[in-house]
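The values are calculated or read from the model by the stated rules, or taken from the named source; none is laboratory data. Because the structure is predicted, anything quoted here is derived from the model rather than measured. As a convention, Cβ positions derive from the backbone with ideal geometry for all residues, glycine included, and neighbour counts pool all protein chains shown. Ligands, DNA and RNA are stripped out before the accessible areas are found, and what is left, the full protein with its side chains, is counted by its heavy atoms. Shrake-Rupley method; radii C 1.70, N 1.55, O 1.52, S 1.80 Å.
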Amino acid sequence: MRRKLLLGLPIALLLAMSSASGAQSEVEQVRATVTALQDEIDGYLDQLIATQARADAAGVRYWEADLALYELNVEIVELSERIVGIDAEVAALRQQMVQIAVQRYIDSTEPPSILAGDDINHQAAVDALARFVREGSLDIIDDYRRAKDDLDEAQAQLAERARHQQELIGQAASAAATVQAELNAIGDVYLEIAPRLYEQDRLLDALEEEERRRIEEELRRRQAEEARRLEAARAAAIAADESLRATQEAARIAGEEVARAAAGGEPGDGALPPVRPGEPSEATAADASASALPVLAAASGWVCPLAGPFSHFDDFGDPRHYGGWHKGNDLIAPTGTPVLAVESGRVEHRANRIGGNSAYIFADSGNYYYNTHLSAYENVGAGWVPAGAVIGYVGDSGNAAGLPHLHFEYHLGGRGNHINPYPIVHEACF
């Protein structure tokens, strides 16, 4: 996307300057080709913007589903533990009821009724339960029924949570697949746009060279005109000076004749040396130079942290699975995408339990950058690296939840001062 800005202004300037110079038909054809290429490139850039937006939106959906799935898993664990506790309570109450019923049966002095027919054992149980209820043991029955209802409700909740869990797993998988598809589409657009950008750059270089020659020729022409003007002015000044000296000489001679006549002297005596005024100084031509074309660059001076397409959205400060909050941005990208040093500085490589394979940049500016979930390292042991050096490759090591991405942190002025990297990453990469 920044490419569009980088191309627009130089192209406009070159085309405008070529038009003003009255360029020949060949230059006009080049200008027309550059304009057509720019229109085609603008169409591809519009595709990139739309595709990037879809990739970013799918990335948001993935992380939202991932967080919801984690929270649901916590609920499922809590419900499962509650069910175990309630089940144990139900079993204990059931055992207690059996013990009380048996004891009542043993302690009974009443003969068994004959309501149950020939099944004496069944009748004895019925009589025991009747005494169990009649003799004031309703509280334990109520406790049992309450515990059994709680158990049934908890099991129903667990079943509903398990269904929702499968839905979230499906949503996360769908979002992850969409992100990967859109990133692949971005890569395809890059492949389409690359030869057009190359051809446009070649034509722009030719236009720029033509414009440079035109400016040089125009400068030489103006310098020659100025030199002729100065020479003419100098000649006129010399002629005027000579005329003035002649007038002054004539006046001097006339004055001397008058003086001698008044003194009785002879003409021609005591002539004074002619006055010779200084020659006029030569003017110098003004220096002229062609102005440089404006160059657009990220104000931060950063290099984009990834050398390839990725989804980008602002998830700084979001809650994390393991507690706390998200201290950077998660940039979803295909496995193996090169990870670059955004500033020059010292690089260290080492793994940790949460992030997995990680690269740490201690920048010359004093800033600190944390890059993690890498699949592999690059420039291990290099010590100092320049901005743009490859320091690793995107992966899903550590707790990356199986989705390849770069967790990128920006610490302004040193480790511990977490700053949201979203605005400056967006500026450097888009």
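Restricting the first member to the range 366-389 and to residues that are closer than 20 Å to I354 by Cα, and the second to residues that are among the charged types (D, E, K, R) and surrounded by fewer than 16 Cβ atoms within 10 Å (Cβ to Cβ), the beta-carbon pairs closer than 8 Å and six or more apart or on different chains are Y368/R415. Scanning the range 369-386 for residues that are in a loop (DSSP other than H, G, I, E, B) and open to solvent by 40 Å² or more (accessible area, probe 1.4 Å) gives E378, N379, V380, G381, A382, P386. Of all the criteria given as (1) open to solvent by less than 20 Å² (accessible area, probe 1.4 Å); (2) within 30 Å of Q200 (Cβ to Cβ); (3) at pLDDT 85 or above, the one not satisfied by I86 is (2). The numbered conditions (1) more than 16 Å from the chain's Cα centre (by Cα); (2) surrounded by 19 or more Cβ atoms within 10 Å (Cβ to Cβ); (3) part of a strand (DSSP E or B) are all true for V394 except (1).
On the basis of being among the acidic types (D, E) and either without any contact (Cβ under 8 Å) to a residue 24 or more places away in the chain or within 30 Å of V394 (Cα to Cα) (or both), does E182 make the cut? Judged against the criteria, E182 is a match. Could you say whether any residue in the range 198-218 is assigned to a helix (DSSP H, G or I) and farther than 30 Å from V34 by Cβ? Looking for residues that are assigned to a helix (DSSP H, G or I) and farther than 30 Å from V34 by Cβ, one finds none in the range 198-218, hence no.
Every residue, every condition in (1) surrounded by 15 or more Cβ atoms within 10 Å (Cβ to Cβ); (2) without any contact (Cβ under 8 Å) to a residue 60 or more places away in the chain, yes or no:
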site	(1), (2)
L219	no, no
A227	no, yes
L230	no, yes
A235	no, yes
E256	yes, yes
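Table: residues versus (1) closer than 30 Å to L191 by Cα; (2) open to solvent by 90 Å² or more (accessible area, probe 1.4 Å); (3) modelled with pLDDT of 85 or more.
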| site | (1), (2), (3) |
| --- | --- |
| I41 | yes, no, yes |
| Y44 | yes, no, yes |
| D56 | yes, no, yes |
| R61 | yes, yes, yes |
| E71 | no, yes, yes |
| I76 | no, no, yes |
| L79 | no, no, yes |
| M97 | no, no, no |
| A125 | no, no, no |
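For beta carbons closer than 6 Å, sequence separation of 6+ or different chains, a first residue in the range 397-413 that is under 14 Å from A376 (Cα atoms) and a second that is open to solvent by 20 Å² or more (accessible area, probe 1.4 Å) and of a type in the set (A, V, I, L, M), the qualifying pairs are G398/I354.
Return yes when V275 is within 51 Å of the chain's Cα centre (by Cα), open to solvent by 90 Å² or more (accessible area, probe 1.4 Å) and modelled with pLDDT under 70 and no when it is not. It is false that V275 is within 51 Å of the chain's Cα centre (by Cα), open to solvent by 90 Å² or more (accessible area, probe 1.4 Å) and modelled with pLDDT under 70. Looking only at the range 407-430, filter to residues that are of a type outside the set (A, V, I, L, M, F, W, C) and part of a strand (DSSP E or B); which one of those is most open to solvent (accessible area, probe 1.4 Å)? Top of the filtered list is H418.
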